[in-house]
Amino acid sequence: MSDSSAGTRATDAVETPARSADVELAVDGLVKRFGGIVAVDGASFEVESGSMTGLIGPNGAGKSTTFNCITGIHDPDAGTVRFQGRDITGIDPHECADYGLVRTFQIAREMANMTILENLMLPAKEQAGEALWRSVMPVARRGVERQERELLERVWETLEFFEIEHIADAKAGTLSGGQRKLLELARALMTEPEMLLLDEPFAGVNPTLERKLLEHIHDLRADGYTFLIVEHDMDLIMEHCEHVIVMHQGSVLAEGTPDAITSNERVIEAYLGGEV
């Protein structure tokens, strides 16, 4: 994937931005109801390939529910989700991950009683050893062993990338909040994604680990990954994302560059409480 050009970005925050020819994710008219509550109300937006896009809004704006609808955790009541041109509306989460669209959660979901290394071994796709017959047939078993060696090499490369190789044998349940966030992102990478949806990746993370996590995200973005990030830290989103989408009451209120968003009167009134 190629990085998106800064010149393709809208210069003003608008409700219906110009469409890009290089779209990774397209959400159109998304609706999700829970009984009489409309959590997502016709949300539409696009995320360009290779971009780092922020998704912000006050509590209850529908951000996490939108993530859940995009990645198959919830079935939307209306609307469509397209990833790399493919309609993925309502597919199962594991199918979504197989296509290369992977999310993390506000609360990390590691396997607490397994080591960090074991946690990273689990998410890899198409592990031949999961089939019993391949584990017992001599010829097939050699292929399984070769794949496991290659997988272990990938795991150690990922551990080193996130600088957590020194605690590879520690139980995941003993990690700090920030280390859990690193592990969550590392596990997501083991699925070989092309786009990552990060749901409050910096919540509960101390400043040192936050900087480290941001460095890793920027490195991955430079390698061609696409990011859509939900985060309550307004300054962080404005500093690190080149495009920002604002949700309010389940709909997209505005989107544009950080400068355009912070000067948008409707955003100031709905989200910033009258202060920039």
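Using a 1.4 angstrom probe on heavy atoms only, work out the carbon and sulfur share of the accessible area of the range 184-247 in %. Kindly include the intermediate steps, with their values, before the conclusion.
On the way: 960 of 2180 Å².
Ligands and nucleic acids excluded, carbon and sulfur give 44 percent.
Which value, in Å², gives the accessible area per residue of the range 34-94 when a 1.4 Å probe is used on the protein heavy atoms?
Details: 2250 Å² over 61 residues.
Using a 1.4 Å probe on heavy atoms only, each residue of the range 34-94 averages 37 Å².
Amide H neighbours of H248 under 5 Å, counting only residues 5+ apart in sequence or on other chains, H built in-plane at 1.01 Å?
For H248, whose amide H was placed from the backbone, the distant partners under 5 Å are L253.
Could you tell me whether the range 166-216 comes out rounded, prolate or oblate from its Cα gyration tensor? Rule is a ≥ b ≥ c as square roots of the eigenvalues, rounded for a/c under 1.5, then prolate if a/b exceeds b/c, otherwise oblate. Please report the intermediate quantities before stating the final value.
Working: a/c = 1.83, a/b = 1.14, b/c = 1.60.
Oblate.
Highest mean first, what order results for 179-192, 80-93 on Cβ atoms within 10 Å?
Working: 179-192: 20.6, 80-93: 15.6.
Final packing ranking: 179-192, 80-93.
Per 0.36 nm of contour for each residue apart, how much would the distance between K171 and T262 grow if the chain were fully extended, relative to their Cα-Cα spacing?
28.5 nm
The values are calculated or read from the model by the stated rules, or taken from the named source; none is laboratory data. What you see is a predicted model, and the numbers here were worked out from it, not measured in a lab. Note that each Cβ is placed from the backbone with ideal geometry, even for glycine, and that neighbours are counted across all protein chains shown. These accessible areas exclude ligands, DNA and RNA; they are computed on the full protein's heavy atoms, side chains included. Shrake-Rupley method; radii C 1.70, N 1.55, O 1.52, S 1.80 Å.
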